[in-house]
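Participant: If you scroll down you'll find the structure; I have some questions about it.
The values are calculated or read from the model by the stated rules, or taken from the named source; none is laboratory data. As the structure is a prediction and not an experimental result, all values here were calculated from the model. Positions of Cβ are backbone-derived with ideal geometry, glycine not excepted, and every protein chain shown enters the neighbour counts.
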Amino acid sequence: MISLEHIYDLIILGAGPAGLSASIYAKRAMMDFLILEKWFPGGEIANTFEVENYLGVNKLSGMELANNMVKHVEDLGIEITVDPVVSVDFTQKIKKITTEKTTYLTKTVLIATGASARKLNVPGENRLNGYGVTYCATCDGFLYKDKVVAVVGGGDVAVEDAIYLSRMCKKVYLIHRRDKLRAVNALQDRMFKLNNVEVIWDSTVEEIKGKDFVEQITVLNKKTNSLKDIEVNGVFIAIGHSPNIDFLNHQVDLIDGSWIKTDSRLETSVLGVYAAGDIRDSYLRQIAMSVSDGALAVSSLAKYLE
């Protein structure tokens, strides 16, 4: 347990690309800092099938890239403390971070806790979570070899998941609520060439059925207002993410009640508190942006500390 008399220069919340990048710059600036992670270091990129748009990485799985980032940080002698944050207190100049194990004091805070997969919130989803309902194709796809699955969504991740699953599954349904996908054209072109992927347009999943495991999904066609059941063995939900902000208790200004508002230096509405990566209000949420955010945030807060 850390004594409350010890005051860090910086505490980084989250060990995804933004937090890990920030830790490297904090190390180079010789700051007295701590990096806290809720679960596994590496962030959401570990759930990405393939990364091919990050400069210097021709093609790599998300898990490999995440592991490389973590190893880079550890090779510099930076320790990652796995201890979930329960609450924060930003009301004083010295900030207080309370975790499941202890309480820390710090002059500055960098919030880089990222975002988590959104749920459909339909009957059967929670009950069958882990029994055919999943939010990570690269984690669980191998369990559905030669089976029939559905992917729900229309963005890059959903199309990537469909492509990935097509390699091992007998049939992949991609269910999208509109008549046009949001994924980049390059991914769409690859998917549309696959014989075992079928897109179900203008439709939403209304229920996930099954006794012990997923057996069917009920799909609503929004144009005809008709329902139909489709037999599947698994449902992969890829409808975006929600920011991990529960522990903040509205102590910083938010955009649309969700994403953290920052200025050009990535400082939040609270002096000495910064945000980086997917957690903040940003037009583009990509690995390159998160890594850049981490560097910029530490550069900014270093000047604040001076």
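Participant: For Arg265, all conditions in the list (1) part of a loop (DSSP other than H, G, I, E, B); (2) more than 18 Å from Ala26 (Cα to Cα); (3) more than 22 Å from the chain's Cα centre (by Cα) hold save one; what is the number of the exception?
Facilitator: (2)
Participant: Test of understanding: among Gly77, Gly43, Gly62, Gly56, which residue is buried (at least 20 other Cβ atoms within 10 Å of the Cβ) and either out of contact with any strand residue (DSSP E or B) (no Cβ under 6 Å at 6 or more places or on another chain) or at pLDDT 95 or above (or both)?
Facilitator: Answer to the check: Gly43.
Participant: Here are some residues: Gly124, Gly141. Which one is surrounded by 18 or more Cβ atoms within 10 Å (Cβ to Cβ) and assigned to a loop (DSSP other than H, G, I, E, B)?
Facilitator: Gly124
Participant: Here's something else I'd like to know. Taking the stretch 276-292 as the search range and keeping residues that are surrounded by 20 or more Cβ atoms within 10 Å (Cβ to Cβ) and touching a Phe, Trp or Tyr at 6+ places or on another chain (Cβ under 9 Å), which one is nearest to Ile24 (Cα to Cα)?
Facilitator: The residue in question is Val291.
Participant: Now a separate question. Consider the stretch 171-204. How many of its residues are free of Cβ contacts under 8 Å to residues at least 24 places away in the same chain and touching a strand residue (DSSP E or B) at 6+ places or on another chain (Cβ under 9 Å)?
Facilitator: Residues meeting the conditions: 1.
Participant: Of the conditions (1) within 27 Å of Arg285 (Cα to Cα); (2) surrounded by fewer than 19 Cβ atoms within 10 Å (Cβ to Cβ), Gly153 fails just one. Which one is it?
Facilitator: With respect to (1) within 27 Å of Arg285 (Cα to Cα); (2) surrounded by fewer than 19 Cβ atoms within 10 Å (Cβ to Cβ), Gly153 is out only on (2).
Participant: Here's another thing I want to ask about it. In the set Val172, Val148, Val109, which member is buried (at least 23 other Cβ atoms within 10 Å of the Cβ), more than 22 Å from Ile260 (Cβ to Cβ) and among the aliphatic types (A, V, I, L, M)?
Facilitator: Numbers: Val148 fails: buried (at least 23 other Cβ atoms within 10 Å of the Cβ); Val109 fails: more than 22 Å from Ile260 (Cβ to Cβ).
Matching residue, one of Val172, Val148, Val109: Val172.
Participant: Kindly indicate which of Lys171, Lys145, Lys107 is under 23 Å from Ser61 (Cβ atoms) and of a type outside the set (A, V, I, L, M).
Facilitator: The match here is Lys145.
Every residue, every condition in (1) modelled with pLDDT of 95 or more; (2) within 17 Å of Gln251 (Cα to Cα), yes or no:
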residue	(1), (2)
Ser87	yes, yes
Ile97	yes, yes
Thr108	yes, yes
Ala117	no, no
Cys136	no, no
Leu165	yes, no
Ile175	yes, no
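Participant: Of the residues in the stretch 276-299, how many are closer than 17 Å to Glu44 by Cα and not in a loop (DSSP other than H, G, I, E, B)?
Facilitator: The total comes to 12.
Residue-wise test of (1) surrounded by 12 or more Cβ atoms within 10 Å (Cβ to Cβ); (2) in contact with a Ser or Thr (Cβ under 6 Å, 6 or more places away or on another chain); (3) not acidic (Asp, Glu).
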{"site": "Leu181", "(1), (2), (3)": "yes, no, yes"}
{"site": "Asn185", "(1), (2), (3)": "no, no, yes"}
{"site": "Glu198", "(1), (2), (3)": "yes, no, no"}
{"site": "Trp201", "(1), (2), (3)": "yes, no, yes"}
{"site": "Thr218", "(1), (2), (3)": "yes, no, yes"}
{"site": "Val235", "(1), (2), (3)": "yes, no, yes"}
